[in-house]
1. Please turn the phi angles of region 194-209 into ³J(HN,Hα) values with the Karplus equation 6.51 cos²θ - 1.76 cosθ + 1.60 (θ = phi - 60°), one per residue in order, whole Hz, x for glycine and proline.
2. Per residue of region 232-243, what does 6.51 cos²θ - 1.76 cosθ + 1.60 with θ = phi - 60° give for ³J(HN,Hα)? Whole Hz please, x for Gly and Pro, Karplus curve as stated.
3. Mean Kyte-Doolittle of at least 0.5 plus a Cα span of 27 Å or more along the axis: flag which DSSP H helices in the chain meet both, please.
4. Given the options 208, 225, 70, state which has the largest fluctuation in a GNM of the chain using a 10 Å cut-off (strictly under) for Cα springs.
5. Would you please give the residues with an amide H less than 5 Å from that of residue 265, counting only those at least 5 places away or on a separate chain, with H modeled from the backbone geometry?
6. Taking all protein chains together and a probe of 1.4 Å, list 316, 299, 90 from the most accessible to the least accessible.
7. Just to be sure I understand: with springs between alpha-carbon atoms less than 10 Å apart, which residue in 121, 159, 24 has the highest mean-square fluctuation in the Gaussian network model of the chain?
8. Would you rank 6, 25 by solvent-accessible area, highest first, keeping every protein chain in place and using a 1.4 Å probe?
Amino acid sequence: MESEFDIIKHYFTRPATNALLGVGDDAALIAYKTSTELAISTDTLVVDQHFFADTDPCQLGHKVLAVNLSDMAAMGAIPRWLTLAITLPKDEPQGRSTWLQAFSHSFFALADRYQVELIGGNTTSGPLNICVQIIGEVAKNKALKRSNAQPNDDIWISGQLGNAALALAHLKQQLILSHGALEVCLPALHTPTARVELGQCLIDLAHSAIDVSDGLLADLGHILSSSNLAAVIQLETIPHSWVWNHYASHPQALEWLLSGGDDYELCFTAPETRRNEIQALSRELAIPLTRIGKMLQGKGLSIVNSAGTVIEHTKKGYDHFLS
Ligand code: ADP
Ligand code: MG
């Protein structure tokens with residue numbers, strides 16, 4: 001069966017002619033003014049696919065914008081404008097206005113935080129579906145592309161991985177998290193933080209970046225294929241919470257950490273010479289930045305543990321058609 005990425009490649013990928021960068025990165029780039037480019041991206045949340053029908057509308061309003069801001073972060077772009085296409089069920093008109101009040105309130109609270117402006121959209125009826133398009137600005141030739149990683153670059157990751165996947169496992173009753181564990185994991189799933197400031201600061205430090213939306217292995221894999229390089233990552237260095245540690249011996253632990261997705265952290269590559277500046281940036285922004293591996297010449301992504309053993313892990317990440 002064709003994967004999500006096979007479908008994009010076979011049916012929707014054409015060489016960019018008027019754009020500077022077309023299909024294949026976190027955002028497309030088009031020339032804008034003499035010294036600026038526009039970064040354009042869109043992401044959709046679909047009921048029963050990305051969220052449960054009874055999800056708190058406050059959380060949904062935040063999340064649909066955060067996942068789009070995250071793509072701007074991955075390009076190092078400053079988010080500026082939004083459009084919103086929303087499909088709402090026709091039933092329960094009574095509950096609809098309460099739902100929309102809560103949704104729009106949290107959507108605009110996050111939009112205001114980044115001074116990003118809703119300039120249009122579309123409203124229809126049908127199964128609940130929310131699609132945001134985001135447009136940002138980035139200085140000419142400065143955008144962080146997936147394709148510019150260099151051999152011997154360090155691979156870095158912001159924050160922690162695996163918390164959203166643990167929360168989802170709890171909601172699907174695959175495990176039962178304690179109250180304290182839920183306090184760590186549920187916000188990661190429902191109200192993720194896009195690393196917008198970090199992305200902008202990385203523009204002069206990093207060679208390449210991607211946001212981790214489908215899991216580290218899948219998303220780092222996109223940097224590898226776009227840059228035509230290989231990589232090795234050290235398992236024990238991958239940043240995680242005490243909650244993941246608690247479940248480290250669970251059969252699905254590696255899957256939650258490496259392929260769970262919905263993390264919205266930035267994975268970026270940078271030359272070794274920038275280590276001190278990246279560590280200083282981590283302190284300045286109060287965001288943990290952890291070195292997890294190296295880019296190499298060749299093909300393929302290997303994960304090794306501290307004993308040097310290669311870890312076999314076949315499930316790469318979330319795919320809408322294969323998962
Ligand atoms: P992200 O996870 O950063 O949102 P995706 O994995 O969804 O990116 O998509 C990968 C690339 O394919 C992106 O450049 C995206 O714009 C492009 N893409 C996805 N679906 C389509 C489509 N139907 N038509 C054109 N381009 C698409
Ligand atoms: Mg992305």
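The values are calculated or read from the model by the stated rules, or taken from the named source; none is laboratory data. Worth saying up front: this structure is predicted, and the values here are computed from it rather than measured. Note: ideal-geometry Cβ built from the backbone for every residue, glycine included; neighbour counts use all protein chains shown. Only protein heavy atoms, including side chains, enter the accessible area calculation; ligands, DNA and RNA are left aside. Shrake-Rupley method; radii C 1.70, N 1.55, O 1.52, S 1.80 Å.
1. Ordered by residue, 3J(HN,Hα) equals 6, 8, 4, 5, 4, x, 5, 6, 7, 3, 9, 10, 9, 8, 8, 7 Hz.
2. These are the phi-based 3J(HN,Hα) values: 10, 10, 9, 3, 5, 8, 5, x, 8, 8, 5, 5 Hz.
3. Result, helices passing both filters: 57-75.
4. Result for the chain, Cα springs under 10 Å: 225 fluctuates most.
5. 212
6. Highest to lowest solvent-accessible surface, that is 299, 90, 316.
7. 121
8. Most to least solvent-accessible, the answer reads 6, 25.
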